[in-house]
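Heads up, the thing below is written out as structure tokens.
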Amino acid sequence: MIRKILFSLCLFFYSSFALAEQKIVILDIEKVLSSSLAAKHASETIKKRLDTYQLEINKKSDELKIEQEELISQTNILTQEVLQEKQASFIGKLKSLEKEVQVKKKELDGLYVKAIAEIEKSIDTIVKELSEKEDYNIVMAKSEVIHFRNVTDISSQVLGVLNKRLKKVNVEI
């Protein structure tokens, strides 16, 4: 029993000593992503495309509202058969517009994911280079660390290199 306790204590002190010798740094990935020139460029480009899509959708939606009002006003004039045909046509146009909205949303989401993936790939490369250059043993995401003391935050350094290397990302389909 005493041997187990002594072994555990030795292991604890050895591991504490070994960790003390390690160069551990943290990186605030969210901060780097949100502050980078590339992410800002991607967001602006996607926002412009969203605005264009929104104008197109609004125009089509307004046209459908007018068509709906005309259909309502003709309810008493048209025969039941003609009215049902026009209603079916209107519902088809409405569903088509809804599908178009979903397709465009999916497209914009895909563009954003693609842009962020490219930025994250660059961040990964930069972190690896800095780790080799500065002899960091462990780079941890700040969001994954519960408590840290006397640990270097390399976020500003990574952001500086990222902004020099990657000012824009391709956000085309």
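Can you give me the Rg/Rh ratio for region 43-124, using Cα atoms for both radii and the Kirkwood formula for Rh? Intermediate results must be reported in sequence, preceding the final value.
Numbers: Rg = 19.4 Å, Rh = 15.4 Å.
So for region 43-124, dividing Rg by the Kirkwood Rh gives 1.26.
Please find the FRET efficiency linking residue 91 to residue 58, where r is the Cβ-Cβ separation and R0 is fixed at 25 Å, and quote it to the nearest 0.05. Display every interim value, and only then the final one.
Details: r = 20 Å, r/R0 = 0.80.
So, using R0 = 25 Å, E works out to roughly 0.80.
Under 8 Å for C-alpha pairs, at least 6 residues apart: give me the relative contact order for the chain, rounded to a whole percent. Walk me through the numbers before you get to the answer.
Working: 131 pairs, mean separation 90.4, N = 173.
Computed over the chain, the figure is 52 percent.
Kindly flag which residue pairs out of 48/142; 65/104; 31/133; 23/114 have an alpha-carbon separation exceeding 30 Å in this structure. Spell out each step's value before the answer.
Values: 48/142 32 Å; 65/104 21 Å; 31/133 23 Å; 23/114 32 Å.
From the list (48/142; 65/104; 31/133; 23/114), the Cα-Cα distance tops 30 Å for 48/142; 23/114.
If a helix is a whole DSSP H run, which ones in the chain reach 27 Å or further along their own axis (Cα) and hold a mean Kyte-Doolittle hydropathy of at least 1.0? Please report the intermediate quantities before stating the final value.
Details: long enough: 2-21 (28 Å, 1.30); 37-73 (54 Å, -0.87); 80-134 (80 Å, -0.55).
Membrane-span-like by this rule: 2-21.
Can you pull a Stokes-Einstein diffusion coefficient for region 124-173 at 25 °C (0.890 mPa s), Rh from Kirkwood over Cα pairs, as a whole number of µm²/s? Present the calculation step by step, with values, prior to reporting the outcome.
Values: Rh = 12.7 Å.
So the translational diffusion coefficient is about 192 µm²/s.
If you average the C-alpha positions of region 20-40 and of region 59-128 separately, how far apart do those two centres end up, in angstrom?
What the calculation gives is 38 Å, centre to centre.
Computed from the coordinates by the stated procedures, all read-outs in this text should not be read as laboratory data. Computed from a predicted structure; not experimentally measured. Counting neighbours? That spans all protein chains shown, and the Cβs are built from the backbone with ideal geometry, glycine included.
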